[in-house]
Structure formats: C-alpha cells, structure tokens
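Engineer: A single structure is presented below for examination.
FYI, it's all coordinate maths here, none of it is from the lab. What you are looking at is a predicted structure, and each value in this text was computed from that prediction instead of being measured. FYI the Cβ positions are ideal-geometry reconstructions off the backbone, even for glycines, and counts take in every protein chain you see.
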Amino acid sequence: MSSLRQQIETYWRTYRPAATAQLDDPDRFFQQMTAQVKKQVRDLTDELAGPDPENEDFTAKVGRLQEAQKAATEKALHDVAFLPKEPGTEDKEPEQVRVPGVAYVD
C-alpha cells in the first residue's frame, strides 16, 4: 500500500468512520481516491514549479521541483481526500502512519 493511500485511509477511518462504514467496496474506493489525488498532484506540480529559470543549477531545480510536489500533494489531499470531519471526531488522534524516509507522521 502506498504511503499516500495509507494517509487517506487513516484520515477516513479516524475522521469519517460512518462514511467509511457505508462504503460497499472500501478497497476500490480508496484505490480510486488515491488515483485522483496522484493525478491532481501531477497536474499541480508542473503548474506550481513553473518554467525552468535561466541558468538554474541542478540542485536548485531539484529543490524547486520537490517543494512544488510537496505543496501539490498537500493541496490535492485537502481538495480530494480530506473532506470535512464527521461530528464527534474533531478531537480524535489518528494512528501513526509510516512514511518512507520519515519516522512517523502523526
């Protein structure tokens, strides 16, 4: 399971438990939602990164593209997956999510 999908599922199971319980096919639902988020990330990353500045060195370009992808991922998750929390879940804490390259994301 991708870390992106794991983040989406964790959010839904924590903050949208009633909606999650009503899903006929949760696996398919989360697979499709993850695909939507990934598509939006691809589209937004190019837009946010903009054109290559003249004389930009490799390290600067990598940094610019990574920041654009990070911002695009955050926006896509909030636009597509992180729908409003159900009443009574606002104070819940999600379980820890293992993200490659990072210890844990709370």
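Engineer: Pairs, please: C-beta under 6 Å, at least 6 apart or cross-chain, first residue closer than 26 Å to GLU90 by Cα and in region 16-43, second among the aromatic types (Phe, Trp, Tyr)?
Structural biologist: Matching pairs, first to second residue: THR20/TRP12; LEU23/PHE29.
Engineer: Which of the residues belonging to region 14-39 are over 23 Å from ALA72 (Cα atoms) and either under 15 Å from the mean Cα position of the chain (by Cα) or loosely packed, with under 14 Cβ neighbours inside 10 Å (or both)?
Structural biologist: Selection gives ALA18, ALA19, ALA21, GLN22, LEU23, ASP24, ASP25, ASP27, ARG28.
Engineer: Being surrounded by fewer than 16 Cβ atoms within 10 Å (Cβ to Cβ) and in contact with a strand residue (DSSP E or B) (Cβ under 7 Å, 6 or more places away or on another chain) is the filter here, so list the residues in region 1-13 that pass it.
Structural biologist: SER3, THR10
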